[in-house]
Amino acid sequence: MLMPQHPDPKPSEITPPEVYAARRRFMTGALGLAAASIMPPALASAGPTGAALTFQRNAALSTTETPNSWEDITTYNNYYEFGTDKSDPSENAGRLSTRPWSVTVAGEAEVKGSFAVEDLLKPHALEERVYRLRCVEAWSMVIPWVGVPLGEVLKRFRPTSRAKYVAFTTLADPRQMPGQRSSVLDWPYVEGLRIDEAMHPLSLLAVGLYGRVLPNQNGAPLRLVVPWKYGFKGIKAIVKISFTEQMPPTSWNRAAPGEYGFYANVNPAVDHPRWSQKTERHIGSGLFAPRRPTLPFNGYATEVASLYSGLDLKRNF
Amino acid sequence: MVRAVVLGGRGLGANPIAMVTDTLGLWGLRLLLATLALTPLRHATGSSEWLRFRRMLGLFAFCYLSLHFTMYVVVDQSFNVGILLEDVLRRPWITLGFTALLLLLPLALTSTRSAMRRLGRRWQQLHYAIYPAALLGCWHYYWQVKRDVRSPLLYAAIFAVLMAARLWRKRAAIAQRLSAAPAVHEAHDVR
C-alpha cells in the first residue's frame, strides 16, 4: 500500500526500543568517566521513558523504514510554545501539566461540550503507526506514533452537513508555555484541515510515542499527525476542536502567507520561497549520507492524491 | 562546533550537519564583526594596539566562513551541481551569503605584508569590501531564519553601531575641517 522510496529493512531487522536502549546503556557505561565528566546527568540515559501504553500495531498503515531514535525524536523539536531552538521544547516542556486535560468540541456538530481527554479516547483502540515526518525546513524523520484515527473520534460528535473544515487550537498559558511570552507567533497556535482530510484513515490523533505516553515536547497529551503534510500542520497540546463552514485560520499561514499555505501538502515541485523542497536531510542518517529526494505527499500519494484532484497544488500550497 | 563543545558534551544533536554549518556561519559572522570593532575601539581608547589583531581576526572569519560554505556544498548537498546552482542563483539568501564570501576572498588573498606593499593605496580601497560583506552576512542570516529574527536583528544592530561609529567620527573630522575653513577665509579677507 505504501510506497517507500528506499530499500526497506525487514520488520525483523528493526531494532526494538528495549534493545537499543540496552545498547545505549552499554555505550554510556563504556564511555565511563570521560562521558560522565562532560555529560549532564539527565542526558546520560536517553532511552524511552514514560508509562507504557497498550496498543495494536497497524502494519498496513506503517512504513517499514527504520524509526528514528527516541533521543532524536524527543530532543529535536519545533514547538515554539517552549522556545524557538530545536532543543528548547525538551528543556522547557517539563512544566506543562497534561492531567487533568479537557478538550472543547464546538461548531457545526450535534454533540458539543467539554470532554476529558480520557473520555475522548476511551471508545477507541490505540494503534501504533510508523509514519514519515517531513518538516517544512527540509528535514525528515520516521516516527512510531501511538494514537487513534482522527476521523473515528470526529464522527462521534456527529458533524453536520455544514461542517466543511475542522479547526484545532493549542493551549494558551504562558506560565506553562514560556515561549508564548514572546510574540514570535500569534498565540494560541491554530491549525485546520478540510473535513475530508480529517476523515482520511491516515489522519491520526496521537497520544504516544514508541509505545509510551507522548512526551510533552512532542505534543502531549493529544496532538495531530497528518503524515502527507509538512510537520507544522501537526498541532500539539490540543484543547479545542471546532467544526466550521469556512476555512479556519492557521498559525503559520497567518505569520507568513506567502511562505506557508493552508494545505501545506509535502510537494517537491513547490519550493518554499526561500529554500528548495526537492530534497530532505534525513535525521539520524549520519554526517556523510546524501540528502534524499522528497516525494509528493511525503510518499503517501497513493492514499491521498485523490483528495486533491482538480485542485491547483502550486497555487494551493 | 564550538557551541557544541561549549554546550558541554551534548554532542552535535540530531542534525549534526545543520548544527555544524550554522555554528560555523555564526562564528564567522561574529569574527567578522569583531574585526570591524577594532577601528572604533582604537578611536575610543586611543590605542592602536587593537589593530594588531585585525589581520588575524579577519583571516579567522574567512576561514570559518569558508568552512561554513564547504559544509553546505560538500557535506550537505554532496556537490549536487544542479541544486547548488539553483540555490545560488534563485535563493536570495544563498546569493547574499555567496556574494559575501566572494567579496572576502580577495581580502584574504591580499592579507600579506607584501601584497599590502604592492597594492599601496589601493589595498585600503580593496579592503573596504569588508563593509558590504558584513552587511550581506547579516542579511543572509536574517533571511535564513524561519520566524524568530531576534538573533539576526541583534547582529545587524551590532553592525549598524560599528558603522555608525565610523560615520560619527568622519562627521566630526569634517566638522573640524569646516570650522577650520572660515578661519582661513577670514584671514584671506583681512589680507
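Only the coordinates and a few stated rules stand behind these numbers; no lab work does. The shown structure was predicted, so the numbers you read here are calculated from the model rather than taken from an experiment. Here the Cβ positions follow ideal geometry from the backbone for every residue, glycine too, while neighbour counts run over all protein chains shown.
State log₁₀ I(q)/I(0) for segment A:171-236 at q = 0.18, 0.23 Å⁻¹ as given by the Debye formula over alpha-carbon point scatterers of equal weight, solvent excluded.
Ignoring solvent entirely, the Cα scatterers give -0.76, -1.07.
Rounded to whole Hz and in sequence order, give me ³J(HN,Hα) for segment A:256-272 from the Karplus expression 6.51 cos²θ - 1.76 cosθ + 1.60, θ = phi - 60°, writing x for Gly and Pro.
After applying 6.51 cos²θ - 1.76 cosθ + 1.60, I find 8, x, x, 10, 10, x, 5, 6, 6, 6, 4, 8, x, 7, 10, 6, 5 Hz.
Over what distance in Å are the Cα centres of segment A:77-112 and segment B:153-173 separated?
43
In segment B:21-92, what chymotrypsin sites (Phe, Trp or Tyr not before Pro) fall in a loop by DSSP, with at most 14 other Cβ atoms inside 10 Å?
B:Phe79
What stretch of chain A, leaving out the sites themselves, is the longest with no GluC sites (Glu not before Pro) in a DSSP loop having at most 16 other Cβ atoms within 10 Å?
For GluC sites (Glu not before Pro) (loop position, at most 16 other Cβ atoms within 10 Å), the longest site-free span of chain A is A:111-244.
Return one number: the angle in degrees, 0 to 90 and rounded to the nearest 10, between the long axis of the Cα atoms of helix B:150-190 and the longest principal axis of the Cα atoms of chain B.
It works out to around 10 degrees.
Angle between the Cα long axis of helix A:17-38 and the longest principal axis of chain A, 0 to 90 degrees, nearest 10?
60
Work out the charge dipole of segment A:55-308 with +1 on the Cβ of Lys and Arg and -1 on the Cβ of Asp and Glu about the Cα centre, then indicate which of A:Ala301, A:Leu224, A:Ile241 is farthest towards its positive end.
So the residue furthest toward the plus end is A:Ile241.
Just want to confirm a number: the relative contact order over segment A:178-317, from Cα pairs under 8 angstrom separated by 6+ residues, in percent.
Numbers: 177 pairs, mean separation 29.1, N = 140.
Normalised by residue count, the contact order of segment A:178-317 is 21 percent.
For the protein assembly as shown, give me the percentage of DSSP beta bridges that are antiparallel, rounded to the nearest 5 percent. Intermediate values should be presented prior to the final figure.
Numbers: 38 of 46 bridges.
Within the protein assembly as shown, antiparallel bridges account for around 85 percent of the total.
Counting pairs of alpha carbon atoms under 8 Å apart in space and at least six apart in sequence, what relative contact order in percent does chain A give?
Values: 635 pairs, mean separation 62.0, N = 317.
Normalised by residue count, the contact order of chain A is 20 percent.
Using modelled amide H (1.01 Å from N, peptide plane; none on Pro or chain starts), what sits under 5 Å from the amide H of A:Ala109, excluding residues fewer than 5 places away?
A:Thr160
Mind putting a number on the dipole of segment A:70-178 about its Cα centre? Charges go on the C-beta only, +1 for Lys and Arg and -1 for Asp and Glu, and I need it in Debye to the nearest 20.
Using Cβ point charges on Lys, Arg, Asp and Glu, segment A:70-178 gives about 540 debye.
Trypsin sites (Lys or Arg not before Pro) within segment B:80-151: which are DSSP loop residues with at most 16 other Cβ atoms inside 10 Å?
B:Arg147
Relative to the compact globular guide of 2.2 N^0.38 Å, what is the alpha carbon radius of gyration of chain B, as a ratio?
On the way: Rg = 20.8 Å, N = 191, 2.2 N^0.38 = 16.2 Å.
Dividing the Cα radius of gyration by 2.2 N^0.38 Å gives 1.28.
Pop out the ³J(HN,Hα) list for segment B:119-130 in order, Karplus 6.51 cos²θ - 1.76 cosθ + 1.60 with θ = phi - 60°, rounded to Hz; leave Gly and Pro as x.
With coefficients 6.51, -1.76 and 1.60, one gets 7, x, 5, 5, 4, 4, 4, 4, 7, 5, 4, 5 Hz.
Would you mind checking A:Lys86/A:Lys122; A:Lys122/B:Lys146; A:Lys86/A:Lys164; A:Lys112/A:Lys236; A:Lys155/A:Lys229 for any pair whose Cα atoms are more than 31 angstrom apart?
A:Lys86/A:Lys122; A:Lys122/B:Lys146; A:Lys86/A:Lys164
Give me a comma-separated list of calculated 3J(HN,Hα) values for segment A:281-287, in order, Karplus coefficients 6.51, -1.76, 1.60 applied at θ = phi - 60°, integers in Hz, x for any Gly or Pro.
Listing the rounded values in order: 8, 7, 5, x, 8, x, 5 Hz.
Counting only residues 5 or more places away or on other chains, whose amide H sits under 5 Å from the amide H of A:Thr279 once H atoms are built in the peptide plane?
The answer is A:Thr294.
Sort B:Cys138, A:Cys135 by Cβ crowding within 10 Å, fewest neighbours at the top. Walk me through the numbers before you get to the answer.
Numbers: B:Cys138 23, A:Cys135 18.
Listed from fewest to most nearby Cβ atoms, that is A:Cys135, B:Cys138.
If you take each beta carbon of peptide A:274-287 and count the beta carbons of other chains within 10 angstrom, what is the mean?
4
Please report the net charge: other residues with Cβ closer than 10 Å to the Cβ of A:Leu193, K and R +1, D and E -1.
So the surrounding residues net to 0.
Return one number: the angle in degrees, 0 to 90 and rounded to the nearest 10, between the long axis of the Cα atoms of helix B:16-45 and the longest principal axis of the Cα atoms of chain B.
Approximately 10 degrees, to the nearest ten.
Per Stokes-Einstein, at 20 °C and 1.002 mPa s, what whole-number D in µm² s⁻¹ belongs to segment A:150-292, with the Kirkwood radius over Cα pairs as the hydrodynamic radius?
129
Please list, ordered by chain and number, the residues whose modelled amide H lies under 5 Å from the amide H of A:Val239; skip anything fewer than 5 residues away on the same chain.
Distant-sequence amide H within range of A:Val239: A:Thr169, A:Thr170, A:Leu171.
Note down the magnitude of the dipole of chain B about its Cα centre, charges +1 on Lys and Arg C-beta and -1 on Asp and Glu C-beta and zero elsewhere, to the nearest 20 debye.
600
I'd like the distance separating the alpha-carbon centroids of segment A:213-231 and segment A:159-204, in whole Å.
Computed from Cα coordinates, the inter-centre distance equals 12 Å.
Determine the relative contact order of segment B:68-191: mean sequence separation of Cα pairs under 8 Å and six or more apart, normalised by residue count, in whole percent.
In percent, rounded to a whole number, it is 19.
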